[in-house]
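Below you'll find the structure, written out as structure tokens, and then a few comments.
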Amino acid sequence: MKKSTSLFFLAAIFSANSLCAQQKKAVTATDQKMNTFINQLMSKMTLEEKIGQLNLAAVGFDVTGPILSQGVNEKIEKGLMGGVFNTFTPQAVRKLQELAITKSRLKIPLLFGYDVIHGHKTIFPIPLGLSTSWDLDLIEKSARIAAREASADGLNWTFSPMVDIARDPRWGRIAESSGEDPYLGSLIGVAMVKGYQTNSFSNKDAILACVKHFALYGAAEAGRDYNTTDMSLIKMYNEYLPPYKAAVDAGAGSVMASFNDINGTPATGNHWLLTDLLRNQWGFKGFVVSDYTGINELEAHGLGDLQTVSAKALNAGTDMDMVGEGFLTTLKKSLQEKKISQATIDQACRRILEAKYKLGLFADPYKYIDEERAKTEILSQKNRADAKTIAEASMVLLKNNNQLLPLKKNAKIALIGPLANNKRDMIGNWSAAGEWSQAISVMQGLKNVAPDMDITYAKGANLVDDPGILKLINANGADIVADEKSPEKLISEAVSVAKNADVAVVVLGESALMGGEATSRTELDLLPNQKDLLKALAATGKPIILVLMNSHPLTLVWEDANVPAILETWFGGTEAGNAIADVLVGNYNPAGKLTTTFPRNVGQIPLYYNHKSTGRPYDGVSNEKYKSRYIDSSNDPLYPFGYGLSYTSFAISPVQLNKVSMKAGQTIQATVDVQNTGDFDGQEVVQLYIQDIYGSVTRPVKELKGFQKIFLKKGETKHVTFTISTEMLKFYNADLKFAAEPGDFNVFTGSNSRDVSSAKFSLLN
Ligand code: BGC
């Protein structure tokens, strides 16, 4: 299994482009048909009906069907709704679609959106976990399965992928991201769009993707959700915008505006962002939806009353209003007062009708309701098996002293921790339709995978003791209940269980609800009650395997110093327990690699591998004071980007270049030999980084430009070649021109961003 990913990336962009070119002729004919249809339809629409298409309402449902509150049915009947979200199941969707088709004047079908983020009913690892697989085929497969299940369940639009670059582990939504790297993030964004949309909406199981949150949502100051971002254009273009652009280039049909302020204008009302950049520069042809009440929130941002901000959002390029009804209630008045034009309303309406047309909803409004497929496919054995494979691929072995892992299948283990016998948290945050009762706990997984293992269990600690955190995570009905036993009692039970075992497997971390939206943290240690438990267990002298589940990258200095084996499993989804058990007993050799830097402490944040140098870079060892350093902490992360161990070991030879210079348009081959020097078959992600040593502007110390995930039998050696092209050397300069500059470059290859060998080449004039 060899994947030449840098080539894949170029190929993906190239094939998307050439596909566009090939399809141009065909598209013209289809477009003409669509335009004629929409022109005719729009000629019959009243102003109210046009504005109605721009309105997206949240409609939940219960056993009796959709909750038709706040005049939902009335609005649908009057044509005052373009789409709904949060309603799914064939029955509930059919009920609403029937209202639109049988009761509204022009019978315009509704869009049905939902947050299908990492699976619909079969839940895959949280997106940060998906990214640590560095396996684009598996990631695309997860999106494909999600789309198949969602499309059978009535949905035709997912609010995914989230491609925000996330370099701040305090930010809870880092869990929904692919981490800190623009190159990897772009590849993953493209894979997800392909997985959801396929290559044609004529497929019944292709659903509309929504690239979010445009833009820079992950750069919220201080990692506090919804906070301001202020960023130079050059940083945006080089470091934050590439994944959005890649996903748009891959054909994503919709884009969601982000909540945050960008250099003084919040995204939802930012004409430069939504029109000049997205449409005029990038050529985006789909529609833009606001985030949840994003338009109304422009009032709190300080831009005016609801009428003013609604007009501003529409004029900026927001086509659809999620939940807030600012469009519905004020656009008519704004038109009369000439604050917006009829043409702008028409344009937004047309974009939404086009999406419906492309999805095939005018031809068959019930296309996405498939009771039969819903019954047979949702949570099928096949989907669950794929979910297990994908969860296994997401796990990152952070430490494994003396080969403590894998465990013997007949070992006597103490299984300890609030996440050890827990189903509820396995599916992670943003698993909206996911049913936690379907999930496999670690305890169950071990029993399934190693029936002869002697397991004694103790909870050891509450998942969350902190009353403040509990109150917030229980706010939406999560009802995490603290154990009646005191923390001391829980710990002493766990200690005696550990004393009687050969090894303790301790499953700790965060509650799933401590990740995702509105879950920013200022401390990233294990919660104190869990840390107390771990310390007490370490004091027994029994070997400890720490299995982590968490949304935020954590600060693990104590754990790294005191615990011999650490496995990061994120929240692995429906099959988490089986996958973790397979890894623990060595049925699967872990190969995941971090996509976010794990800092030593919160004070180092933001900390990311692809940073700039300074005028006084610190070498990490000297005792000089006037260097860019801390007096109380190392600059280095605990675990760097790209890091992850295996049960086997790999030796990667120093990188060799086939020539030391090239001209524009030429290529250089960088090669390494990778040898499996350990006792297990395994996979290694060989990584290629490049540094532009001198530039017209300062450039990062290194940037990921390629990787290959390869499988090696024990003892086997493979030759890995990366092709370095001029394209890979391009960046946006001070004039925002995307160009490669002649000069010297460093090439780094290795098993992570820190442990690399290097070579030098020049790009000639
Ligand atoms: C989130 C979006 C999500 C939307 C709809 C918002 O609060 O920011 O990511 O898609 O809600 O549920």
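The values are calculated or read from the model by the stated rules, or taken from the named source; none is laboratory data. Quick caveat: nothing in here was measured; it's all calculated off a predicted structure. Note that each Cβ is placed from the backbone with ideal geometry, even for glycine, and that neighbours are counted across all protein chains shown. Calculation scope for accessible area: heavy atoms of the full protein, side chains included, ligands and nucleic acids excluded. Shrake-Rupley method; radii C 1.70, N 1.55, O 1.52, S 1.80 Å.
Here are the numbers for the structure shown:
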{"read-out": "Under-5 Å amide H pairs with Lys702, H placed in peptide plane, nonlocal only", "value": "His611"}
{"read-out": "Quotient of Cα Rg and 2.2 N^0.38 Å for region 384-596, N being how many residues it contains", "value": "0.94"}
{"read-out": "Globularity index of region 344-498, i.e. its alpha-carbon radius of gyration over 2.2 N^0.38 Å", "value": "1.53"}
{"read-out": "Label-point gap, in nm, between Glu435 and Lys235 - each point 7 angstrom along Cα→Cβ", "value": "4.7"}
{"read-out": "Nearest 10 degrees, 0 to 90: helix 182-197 Cα axis against the chain principal axis", "value": "50"}
{"read-out": "Estimated inter-spin distance, Asn203 and Asn402, nm [label 7 Å along Cα→Cβ]", "value": "5.1"}
{"read-out": "Distance cut-off 24 Å, percentage of C-alpha pairs in region 632-765 lying past it", "value": "35"}
{"read-out": "Coarse-grained scattering of region 573-655 at q = 0.11, 0.20 Å⁻¹, given as base-10 log I(q)/I(0) from a Debye sum over alpha-carbon atoms", "value": "-0.49, -1.01"}
{"read-out": "J(HN,Hα) series, region 243-259, from Karplus relation 6.51 cos²θ - 1.76 cosθ + 1.60, nearest Hz, glycine and proline x", "value": "x, 5, 5, 4, 5, 5, 4, 6, x, 3, x, 8, 9, 9, 6, 7, 6"}
{"read-out": "Nearest 10 degrees, 0 to 90: helix 381-394 Cα axis against the chain principal axis", "value": "60"}
{"read-out": "Most to least packed among 745-752, 484-491, 574-581 [average Cβ atoms within 10 Å]", "value": "574-581, 745-752, 484-491"}
{"read-out": "Where only C-alpha atoms are counted, convex hull volume of region 136-269 per residue in Å³", "value": "101"}
{"read-out": "Projected label distance in nm at Asn658 and Lys471, using a 7 Å step from Cα toward the beta-carbon", "value": "6.5"}
{"read-out": "Residues of region 593-609 with amide N under 16 Å of the 7 Å Cα→Cβ point at Arg224", "value": "606"}
{"read-out": "Accessible area (Å², per residue) of the chain, counting only protein heavy atoms and a probe of 1.4 Å", "value": "37"}
{"read-out": "Diffusion constant of region 424-527 at 37 °C, which comes from Stokes-Einstein with the Kirkwood Cα-pair radius and 0.692 mPa s, µm²/s", "value": "209"}
{"read-out": "Stretch gain in nm, segment Asn733-Ser758, where the contour uses 0.36 nm per residue and the Cα spacing is subtracted", "value": "6.5 nm"}
{"read-out": "Gain on full stretching of the segment that runs from Lys627 to Asp681 - 0.36 nm per residue minus C-alpha separation", "value": "15.1 nm"}
{"read-out": "Degrees, to the nearest 10: 342-359 long Cα axis against longest axis of the chain", "value": "60"}
{"read-out": "Extended-chain gain in nm, criterion 0.36 nm per residue less alpha-carbon gap, Ser496 and Val697", "value": "66.3 nm"}
{"read-out": "Amide H partners (placed H, <5 Å) of Ala58, local residues excluded", "value": "Phe85, Val323"}
{"read-out": "Rounded to whole Å, sorted largest first: equivalent-ellipsoid semi-axes of region 8-374, Cα gyration tensor", "value": "28, 25, 20"}
{"read-out": "Carbon plus sulfur fraction of accessible area for the chain, probe 1.4 Å, in percent", "value": "51"}
{"read-out": "Helical mean residue ellipticity (222 nm; -39500 (n - 2.57) per DSSP H run of 4+; nearest 500) of the chain", "value": "-9000 deg cm²/dmol"}
{"read-out": "Cβ charges +1 (Lys, Arg) and -1 (Asp, Glu), total dipole of region 393-548, debye", "value": "540"}
{"read-out": "Cα centroid of region 715-765 to Cα centroid of region 310-376, whole Å", "value": "44"}
{"read-out": "Cα-based Kirkwood hydrodynamic radius, the chain, one decimal, Å", "value": "27.0"}
{"read-out": "Förster-model FRET efficiency, 51 Å R0, Phe711 and Glu484, C-beta, rounded to 0.05", "value": "0.55"}
{"read-out": "Cα-centre dipole for the chain with unit charges at Cβ (Lys and Arg positive, Asp and Glu negative), debye to 20", "value": "1660"}
{"read-out": "Sequence ranges 282-294, 607-619, ranked by mean other-Cβ count within 10 angstrom, highest first", "value": "282-294, 607-619"}
{"read-out": "Space enclosed by the convex hull of the alpha-carbon atoms of region 705-749, per residue, Å³", "value": "94"}
